[in-house]
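S.K.: My questions all concern the structure below.
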Amino acid sequence: MARVKKSPEMENTQAENPVTMLEVKFATVRQKLPAEYEKAITGAGRVLASRIKKLDTLNGRLAKARERLTKAREQQKIKATAAVQTRFEKARLAVAELKVESADLRAEIAVLRKEISDLKKRSRQFQTIEKAIQKLEKKAATPHKPRRRKKTKATARKKDLESQWEQFTGGSSSNKESAFAGREVEAEVE
């Protein structure tokens, strides 16, 4: 991808707003992660395929060495010569080496398969996290509508208290403070 040159105004706004910079960095990292997981999985798959191919060639060599070994045994039965004996020993050594190499390759293949399964698991976890983030972003993008409050008994009580106050003060509710102060004065005098 070609890089887009940023204008000095865009750089200034991003430099002034660190939140915007962090959001941009987070978005780029989020875009790169799935590709890196896929790249690692395909790379591990290629290595696994090459190891399996090498194991197959080693198995072919092992089969040929066994054939040579059986031929050498047959020849040894017919003629026990020094040349046949050296071939027999070479074939035996080749078989032992091939067994060791095939065991090593099998261990590497097991490790690679485990790594591939771990990478796939991480990729699935990342995708679930990505979906959750997208849901949260979508939810944050929709405006919040405040709930309508239902009228409760508290408003009825408030009206009852106001009517009692009016009865107590003997008139309008705008006269509350002066009437209350007058009653206090009367109470003090008595």
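The values are calculated or read from the model by the stated rules, or taken from the named source; none is laboratory data. The shown structure was predicted, so the numbers you read here are calculated from the model rather than taken from an experiment. Note: ideal-geometry Cβ built from the backbone for every residue, glycine included; neighbour counts use all protein chains shown. In case anyone asks, the SASA skips ligands and DNA or RNA and just uses the protein heavy atoms, side chains included. Shrake-Rupley method; radii C 1.70, N 1.55, O 1.52, S 1.80 Å.
S.K.: Determine which single condition residue 86 fails, assuming it passes every other condition in (1) modelled with pLDDT of 75 or more; (2) under 53 Å from the mean Cα position of the chain (by Cα); (3) hydroxyl-bearing (Ser, Thr, Tyr).
M.R.: (2)
S.K.: Test of understanding: among 44, 40, 83, 94, which residue is in a helix (DSSP H, G or I), exposed (fewer than 11 other Cβ atoms within 10 Å of the Cβ) and not aromatic (Phe, Trp, Tyr)?
M.R.: One residue alone meets the criteria, 83.
S.K.: Could you go through the range 67-75 and let me know if any residue there is surrounded by 14 or more Cβ atoms within 10 Å (Cβ to Cβ) and in contact with a Leu (Cβ under 6 Å, 6 or more places away or on another chain).
M.R.: no
S.K.: Among the residues of the range 105-116, is any assigned to a helix (DSSP H, G or I), open to solvent by less than 80 Å² (accessible area, probe 1.4 Å) and either modelled with pLDDT under 80 or touching a Gly at 6+ places or on another chain (Cβ under 6 Å) (or both)?
M.R.: The answer is no; no qualifying residue exists.
S.K.: Restricting to the range 44-83, count the residues that are farther than 17 Å from residue 107 by Cβ, modelled with pLDDT of 80 or more and of a type in the set (Val, Ile, Thr).
M.R.: The qualifying residues number 2.
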